[in-house]
Amino acid sequence: MRQKTLFLAVMMIVALSARGALAHCEIPCGIYDDGLRITMIREHIDTVEKSMKSIVSLSGEDEKNYNQLVRWITNKDEHADEIQHIVSQYFMTQRIKPVGSDDPAYGAYIAKLTLLHQLLIEAMKSKQTLEQEHIDSMRKLVDSFEKLYFEKK
């Protein structure tokens, strides 16, 4: 009986402490907040930028704090991954609906996909370097995508 109680207690702790999925569901549930996802991408870009600046600052110190450097590098990469996840798992697979090349909306469809693909590449590059140009590019791409995505038809 004691083992059973311990097992149930452990299972409850695991269940209650399990981290919820950050991505939106793929059921589909029909509950979408596209503006929120754009805001989340911008927040992740800001975090990648702050991480880059912290890495540069810590790298310039005479006595390196490698623990903090590793933490900031990991943080930068995780937030770049989140940008890629929102772009691919939310927008590209759930929200941007394919249209045929004979459809009048085809040009806008290709433009959206192109912007999102470029955003994926810039997020990847932000993991590889500490260059501000990738942050600036991501911000411009998000602005362009938002304008096109919410454009009145």
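If you go through the range 89-134 and keep only what is within 19 Å of K147 (Cα to Cα) and basic (K, R), you end up with R95, K97, K112. Are any of the residues in the range 26-43 modelled with pLDDT of 95 or more, crowded, with 16+ Cβ neighbours inside 10 Å and over 27 Å from E151 (Cα atoms)? Looking for residues that are modelled with pLDDT of 95 or more, crowded, with 16+ Cβ neighbours inside 10 Å and over 27 Å from E151 (Cα atoms), one finds none in the range 26-43, hence no.
Looking at the range 68-88 only, could you name the residues that are closer than 20 Å to F145 by Cβ and in contact with a Leu (Cβ under 8 Å, 6 or more places away or on another chain)? Residues satisfying the conditions are E82, I83, Q84, H85, V87, S88.
Out of S88, S101, S51, S57, which single residue is hydroxyl-bearing (S, T, Y), within 15 Å of H134 (Cβ to Cβ) and out of contact with any Ser or Thr (no Cβ under 6 Å at 6 or more places or on another chain)? If you could, list the steps in order and put the result at the bottom.
On the way: S88 fails: within 15 Å of H134 (Cβ to Cβ); S101 fails: within 15 Å of H134 (Cβ to Cβ); S57 fails: within 15 Å of H134 (Cβ to Cβ).
Every option except S51 fails the conditions.
Here I135, I110, I73 are screened, and the one residue that is of a type in the set (A, V, I, L, M), in contact with a Ser or Thr (Cβ under 8 Å, 6 or more places away or on another chain) and more than 16 Å from I41 (Cβ to Cβ) is I73. Checked against (1) surrounded by 13 or more Cβ atoms within 10 Å (Cβ to Cβ); (2) without any contact (Cβ under 8 Å) to a residue 24 or more places away in the chain, S57 passes all but a single condition, namely (1).
Could you tell me whether the range 109-124 includes any residue that is modelled with pLDDT under 95 and basic (K, R)? Checked against the condition, which is being modelled with pLDDT under 95 and basic (K, R), the range 109-124 yields no hits at all.
The values are calculated or read from the model by the stated rules, or taken from the named source; none is laboratory data. Note that the coordinates shown come from a computational prediction; the quantities given were computed from them, not determined experimentally. Positions of Cβ are backbone-derived with ideal geometry, glycine not excepted, and every protein chain shown enters the neighbour counts.
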